[in-house]
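Here is the structure we will look at, set down as structure tokens.
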Amino acid sequence: MSRQRILVVEDEPAIADTIVYALASDGFDPHWCATAGAALEAAQLGGFALAVLDVGLPDINGLELFKQLQRGTGLPAIFLTARSTEIDRVVGLELGADDYIAKPFSPRELVARVRTVLRRVQRAAPVDTSPATSGGFKIDDERKMIRLHGRPLDLSRTEYRLLRVLIERPGRVFSRDELMERAWDDPASAFDRTVDAHVKALRAKLREAAPEDDPIVTHRGLGYSLREKA
Ligand code: CA
């Protein structure tokens, strides 16, 4: 098995050095970034199993960075916090961070936490760090699951198949017949309005997951498409 890549975002070189050294000696492949901007760029390439994020960064803070990283990949993260007020914010925001560790910390402790979080997420689901597809969607065909901005959507079988058809061809308008043909086991038994009802239910779930997105477009008299993102 290849070494797991860990994104380390820490602006203080001395602390970063300690972390990088500890992770590398323990069999990980750490990648250090001193700013959130550099981290976002590095994360674009994917391939990271976990991120260690300092909360106090020079450009944008670690909490905001985490939100942006989550949007693309759902990357698990451990926060490094310097003050108790930062710990309060990490815990209080309920961002879904996997763990945090207060400075000063022992490198061994950090490595142990990294291992624990990786074990936990790998048990739950494989970490998906490849770039997201159109509109932040990611199809996991093996699990019959679709993620939006890294988070799994709770879809029925038909909703899953319906959304999958739309995601695979952003911008393409599918008629109700075409959608039925592709997403239903027995299209003959389904009615036109069944498609509308499922799209409606699907939209409600998408809205819940990402209120601002509204990715499904209705084309009057024609059908539906997935909004094309620039
Ligand atoms: Ca710092």
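The values are calculated or read from the model by the stated rules, or taken from the named source; none is laboratory data. Quantities reported herein were computed from a predicted structural model and do not represent experimental measurements. Here Cβ is always computed from backbone atoms with ideal geometry, including for glycine, and neighbour counts include all displayed protein chains. We work out accessible area using only protein heavy atoms, side chains counted, and drop any ligands, DNA or RNA first. Shrake-Rupley method; radii C 1.70, N 1.55, O 1.52, S 1.80 Å.
Of note:
- Highest to lowest packing among 155-162, 222-229, scored as the average C-beta count within 10 Å: 155-162, 222-229
- Ordered from highest to lowest accessible area with the whole protein assembly present and a 1.4 Å probe, Met180, Met145 read as Met145, Met180.
- Electrostatic dipole magnitude of the chain [Cβ: Lys, Arg +1; Asp, Glu -1; Cα centre; debye, to 20]: 580
- Surface per residue (accessible, 1.4 Å probe) for the chain, Å²: 53
- Of Lys144/Lys229; Lys103/Lys144; Lys103/Lys205; Lys138/Lys200, those spanning more than 32 Å from alpha-carbon to alpha-carbon: Lys103/Lys144; Lys103/Lys205
- The residues Asp214, Asp140, sorted by heavy-atom accessible surface at 1.4 Å with ligands and nucleic acids left out, run Asp214, Asp140 from largest to smallest.
- Beta bridges from DSSP with both residues in the chain: antiparallel share about 40 percent, rounded to the nearest 5.
- Sulfur and carbon atoms: percent of accessible area, the chain [1.4 Å]: 50
- About the Cα centre, charge dipole magnitude for region 1-112 (Lys/Arg +1, Asp/Glu -1 at Cβ), debye: 200
- The chain, helix-only ellipticity at 222 nm - DSSP H runs n ≥ 4, -39,500 (n - 2.57), divided by all residues, nearest 500: -13500 deg cm²/dmol
- Amide proton proximity set for Ala77, modelled H, under 5 Å, gap of 5+: Ala51, Asp98, Asp99
- For the chain, the convex hull spanned by the alpha carbon atoms encloses 128 Å³ per residue.
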